[in-house]
Amino acid sequence: MASLLPPRPIALIAPRLDAAPAARAMQACAEALAPAGYYLAAAPWQDPAALAMLDALRPAAALVIGPLDDPGLRAAVAALEIPLVETWSASAQPPDGAVVVNNEEAGRRAARHFAAKRYARVACVSADCPWERARRAGFIGSAAALGLELVADIVQPEVQHLNDGRMAFLRLLATNTIFDAVFCSSDLLAAAAVSEAHNRDLHVPQDLAVLGFSDDGSAAQWAQGLTTLAVDAADLGRRAARFLLDRLQGERGAGERETIEAVFEERLST
């Protein structure tokens, strides 16, 4: 009886593993890779001690959450000469393939929706990570082009819990500016904005319109009736797995990119 080949590792490079959208994508990716004989191998590869182990791991490929911008890690992965796919957002000069969300266009679409609804004074609340920076840039640039007045721009250093989103919304209120609508670049920020607005007897959308970007669908569950621009994190993970398998089997060339567009779902909050 022929023996089964042992599963081969695919290096998982992620800034953190507990962020909900990334976790859902990684889970879906791992499930899609397993039948083909691969598994995700996670470690804090950015640390020098772990980086030394990367070559010993001999991964078949690498899956990156976000852009691979760390110079040392980028050089170490390049030296392995293996397929690599960046997800969510890609580097300015991608080292190989990418399965990314069109984050900047999502921000532009949010601004266009506010303009169509005749909201003149708008605000933006985002977290300081690559994909949310792109959503913020798209929103701010399009808002200016459409003649909307950006009265507040809040960037929260880290958003991992609902309370982080609440702190961001409180920072927005502390600017003492008057705004008609706010674009929130993640589930946690949007859910927190609606929650805190209700706590202060602000009616959504009569007093304040809220539009959120949803990576995992949780905000629409926490805040019923939330208008969103949404992507399916699990679908992104499955696409990334298929992309890696195609690269490993020679069915895709180096440097190819797959872009996922956010789906606009208008509900009651705008």
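At a glance:
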| item | result |
| --- | --- |
| Which listed residue, of H198, H203, is modelled with pLDDT of 90 or more, surrounded by fewer than 14 Cβ atoms within 10 Å (Cβ to Cβ), not aromatic (F, W, Y) and not in a helix (DSSP H, G or I) | H203 |
| Qualifying positions in the stretch 41-55 - open to solvent by less than 40 Å² (accessible area, probe 1.4 Å) and farther than 19 Å from S89 by Cβ | A41, A43, A50, L54 |
| Residue match in the stretch 131-150 (condition: part of a strand (DSSP E or B) and over 19 Å from the mean Cα position of the chain (by Cα)) | yes |
| Residues of the stretch 123-163 classified as among the charged types (D, E, K, R) and surrounded by 19 or more Cβ atoms within 10 Å (Cβ to Cβ), total | 3 |
| Scan of the stretch 62-101 for residues that are in contact with a Ser or Thr (Cβ under 8 Å, 6 or more places away or on another chain) and closer than 16 Å to A25 by Cα, ordered by number | L63, V64, I65, G66, P67, A98, V99, V100, V101 |
| Answer from D232, D215 - the residue that is touching a residue at least 40 places away in the same chain (Cβ under 8 Å), within 19 Å of the chain's Cα centre (by Cα), surrounded by 17 or more Cβ atoms within 10 Å (Cβ to Cβ) and closer than 22 Å to T87 by Cβ | D215 |
| Hits in the stretch 99-147 - residues which are among the charged types (D, E, K, R), under 19 Å from R171 (Cβ atoms) and in contact with a Leu (Cβ under 9 Å, 6 or more places away or on another chain) | R121, E132, R135 |
| Qualifying residues in the stretch 85-107 (those that are outside any strand (DSSP E or B), at pLDDT 95 or above and within 12 Å of the chain's Cα centre (by Cα)) - the one surrounded by the most Cβ atoms within 10 Å (Cβ to Cβ) | N103 |
| Residue count, the stretch 24-39 (criterion: of a type in the set (A, V, I, L, M, F, W, C), surrounded by fewer than 20 Cβ atoms within 10 Å (Cβ to Cβ) and either in a strand (DSSP E or B) or in contact with a Lys or Arg (Cβ under 7 Å, 6 or more places away or on another chain) (or both)) | 1 |
| Residue within the stretch 241-253 that is among the aromatic types (F, W, Y) and closer than 17 Å to L63 by Cβ present | yes |
| Among (1) in a loop (DSSP other than H, G, I, E, B); (2) aliphatic (A, V, I, L, M); (3) open to solvent by less than 10 Å² (accessible area, probe 1.4 Å), the one test that I82 misses | (3) |
| Filtered residues of the stretch 108-129 (kept if touching a helix residue (DSSP H, G or I) at 6+ places or on another chain (Cβ under 9 Å), in a helix (DSSP H, G or I) and either farther than 23 Å from A230 by Cα or small (G, A, S) (or both)) | A110, A111, A115 |
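The values are calculated or read from the model by the stated rules, or taken from the named source; none is laboratory data. Note that the coordinates shown come from a computational prediction; the quantities given were computed from them, not determined experimentally. Don't worry about glycine lacking a Cβ; one is built from the backbone with ideal geometry, like all the others, and counts go over all protein chains shown. What goes into the accessible areas is simple: the full protein's heavy atoms, side chains included, and nothing from ligands, DNA or RNA. Shrake-Rupley method; radii C 1.70, N 1.55, O 1.52, S 1.80 Å.
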